[in-house]
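Structure record follows, encoded as C-alpha cells.
The values are calculated or read from the model by the stated rules, or taken from the named source; none is laboratory data. Remember, predicted model here, so these are calculated numbers, not experimental data. Note that each Cβ is placed from the backbone with ideal geometry, even for glycine, and that neighbours are counted across all protein chains shown.
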Amino acid sequence: MRLAYADPPYLGCCARYGHDHRDPYGCWDDVATHAALVDRLAGFDGWALSLTSGSLREILPLCPDDVRVAAWVKTWCSFKTSNPAYCWEPVIFRTPFGWADRGGRSVVTVRDWHAEPVTLRQPVIGAKPPGFCRWVCHLLGVRDGDELVDLFPGTGIMGRVAAQGVLL
C-alpha cells in the first residue's frame, strides 16, 4: 500500500512559518491551498491529515465522504490567551480497507483518539511526538512493505518511527 501523512502549516497560521509558499501549494492561509493538498492525498491508498480544531469546519467538507476524524488529545500544552484552551487536534484519515472489514491488516483495535503531551524544544513548529506518529501508523494500518510518505517531514520523526518497525 502507498500511504501518506500530511502535517502542513495550519490554516490561518502561515505567518508562523515565515509565509513560505513553496510549490506545489500556495499560501496556507488560503482554503484553496488546503483543497489542493486534499486533492494530492487522493492519489494515495490511505492517508492522514493533521489540522486545528478551529479549521475542521472548513477543511472536512473538502474531503471524501468516507473519511473519519480522530483526536490527538494533548495532556500538556501551552495555554495561550484562549479560553477554553486548544488542547486537542483533529486528524482526518482515510484507510485503504474500509471500516467494516480491516482486511486482516491489523490484529489490534485502534482507538480514534490518542493522548500524549506536545513536544518541547523542537526546531520545527508543531513537531509531533513519537507516540503520535505510531498512533497514526496504526490508524492507517501500516504494515511491513507499505510505503508511508510524509509530505511535510519537518523533523523527520514520522519516517524514523516507521523505520523502527512499530508498524502493524
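The numbered conditions (1) at pLDDT below 95; (2) exposed (fewer than 14 other Cβ atoms within 10 Å of the Cβ) are all true for SER55 except (2). Within the range 55-76, the residues that satisfy the criterion of being over 14 Å from the mean Cα position of the chain (by Cα), more than 21 Å from PRO129 (Cβ to Cβ) and either of a type outside the set (A, V, I, L, M) or assigned to a strand (DSSP E or B) (or both) are ARG57, GLU58, PRO61, PRO64, ASP65, ASP66. Within the set ALA115, ALA127, ALA163, the sole residue that is farther than 15 Å from ALA6 by Cα and either modelled with pLDDT under 90 or among the basic types (Lys, Arg) (or both) turns out to be ALA163.
If you go through the range 71-105 and keep only what is of a type outside the set (Phe, Trp, Tyr) and at pLDDT 75 or above, you end up with ALA71, VAL73, LYS74, THR75, CYS87, GLU89, PRO90, VAL91, ILE92, ARG94, THR95, PRO96. Inspect the range 138-149 for any residue being surrounded by fewer than 18 Cβ atoms within 10 Å (Cβ to Cβ), modelled with pLDDT of 90 or more and under 21 Å from HIS34 (Cα atoms) and give the result as yes or no. For the range 138-149, residues surrounded by fewer than 18 Cβ atoms within 10 Å (Cβ to Cβ), modelled with pLDDT of 90 or more and under 21 Å from HIS34 (Cα atoms): present.
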